[in-house]
1. Any idea which of (1) buried (at least 20 other Cβ atoms within 10 Å of the Cβ); (2) assigned to a loop (DSSP other than H, G, I, E, B) is the one Glu265 doesn't satisfy?
2. All but one of (1) in the same structural domain as Thr180 (by TED's automatic domain parsing); (2) in contact (Cβ under 8 Å) with a residue 40 or more places away in the chain; (3) part of a loop (DSSP other than H, G, I, E, B) hold for Gln128; state the number of the condition that does not hold.
3. Please identify the pairs in which a residue from the range 162-187 that is aromatic (Phe, Trp, Tyr) has its Cβ atom under 7 Å from the Cβ atom of a residue that is at pLDDT 85 or above, counting only partners at least 6 apart or on another chain.
4. Which of (1) surrounded by 16 or more Cβ atoms within 10 Å (Cβ to Cβ); (2) at pLDDT below 95; (3) of a type in the set (Lys, Arg); (4) farther than 30 Å from Leu193 by Cβ does Arg82 not meet, given it meets every other one?
5. For Lys145, work out the one condition from (1) surrounded by 17 or more Cβ atoms within 10 Å (Cβ to Cβ); (2) under 17 Å from Lys246 (Cβ atoms) it doesn't fulfil.
6. Out of Ala168, Ala156, Ala174, report the one residue that is assigned by TED's automatic domain parsing to the domain that holds Thr201, crowded, with 18+ Cβ neighbours inside 10 Å and more than 13 Å from Leu196 (Cα to Cα).
7. Restricting attention to the range 16-35, and to residues there that are part of a loop (DSSP other than H, G, I, E, B) and within 17 Å of Val68 (Cα to Cα), which single residue is modelled with the lowest pLDDT?
Amino acid sequence: MAVKPAPLASYRLLIEYDGSRFQGWQRQGPKQSREGVRTVAGSIEHVIHSAGLHLVYLGGAGRTDAGVHALGQVAHLHLEARDAPRPGELRRILDSALPQDIGIRDVRTCPPRFHARHDAVDRTYLYQISRRRSAFGKPWIWWVKRNLDPDRLAQAWTAFQGDQDISAFADLDAEEDGRTRLFQCEVAEAGALILLRVRATHFFRRQVRRMVGASVACALGEEEPRRVLEDLRNPTEAANLYWGAKAAPASGLFLEAVRYQGDPEPGAPRPTLFMP
C-alpha cells in the first residue's frame, strides 16, 4: 500500500541578502555546511532544522551566483503541516537566528502549487557602477577607475532590449536555447553611481555581468556598440569567449525584484542604494 504524503504548510518568502560572503543562493548538496561552502538557502534550511521544524522543500526564484546580492529574492517553502507555525511566528524564528547578512522582508502562506521560479512573470536585476572610490560601498559596487562615456554606455546597454538570442553573452549548457525577451534596459544616474537595470522573462548564468562588462567596454572605447548588436544578431563561440572575459564583477549585481501574475508593473527606479 502506498504511503500517503504528509500534509504540507506552504509559505512564500521575500528575502534580501548581502551575497559577499555566500557561495550563491543554492545549497551545495548534502555537505553544504562543510567549511568554506556557505549558501543563502543552506543558511535558511539550517535555521528551520534547528527550530525542530520538518522541512520538505525550499526553492528560490533566482539561483544567484557567488557574491551576487538580492533585494527581492522570492522563495517557496514547504513544511510538514503537523508542526508548522503561523507566518508571523515563522518570520520571528528566522529573524532570531539567521546571520545578519540575510533579512526576511515578508512571510505569507501560499497555495502548495506556487513555485517561486516557474510561476515568475519576469525578474529585474540592478547593477551599480561607481565613478569614484567609496570607503563604504566596495562590496556592492564596481568602481571603474577610468572615465566612462555615458552616451556610449547607454547605447550599448539599450541595444540588449527586445527579443534576443543572448548566447554570446551568457554561460549556457549545451542543451540550452539562448533566446529570451528583455523588456527593459535602462540607465540612471544617482550622484557618483550609474545604475543599470534590466527586466526579462528569465536570465542565464552570468548573463547580466557579461552585459554590463560589454557596455562598460564600449563606454571605455575598447569596443564599439555596434559589436554588441552584431553579436546579438549572429552569436558565435568566439564572441562568447570574448565577452566572458569582459564580465563585470559580482559585487555590483542585485536581484532587485521578481514579479508574478497580478503584481503591478514596476514603478519608478529606486534611488541610490549605498552612496550619498
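1. For Glu265, the failing item is (1).
2. Checking Gln128 against (1) in the same structural domain as Thr180 (by TED's automatic domain parsing); (2) in contact (Cβ under 8 Å) with a residue 40 or more places away in the chain; (3) part of a loop (DSSP other than H, G, I, E, B), the one that fails is (3).
3. Short answer, once both residue conditions are applied: Phe169/Gln207; Phe169/Arg210; Phe169/Met211; Phe169/Ala214; Phe169/Trp243; Phe183/Asp122; Phe183/Arg199; Phe183/Ala200.
4. Failing condition for Arg82: (1).
5. Unmet condition: (1).
6. Sole residue among the options that is assigned by TED's automatic domain parsing to the domain that holds Thr201, crowded, with 18+ Cβ neighbours inside 10 Å and more than 13 Å from Leu196 (Cα to Cα): Ala168.
7. Gln28
Residues are listed down the side, and each one gets a yes or a no for (1) at pLDDT 95 or above; (2) surrounded by fewer than 17 Cβ atoms within 10 Å (Cβ to Cβ); (3) within 23 Å of the chain's Cα centre (by Cα):
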site	(1), (2), (3)
Val40	yes, no, yes
Thr64	no, no, yes
Gly67	no, no, yes
Leu77	yes, no, yes
Glu89	yes, yes, no
Ile93	yes, no, no
Gly103	yes, yes, yes
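The values are calculated or read from the model by the stated rules, or taken from the named source; none is laboratory data. Predicted model, so just to flag it, every value in this text is computed and none were measured. Glycine also receives a Cβ, built like all others from the backbone with ideal geometry; neighbour counts cover every protein chain displayed.
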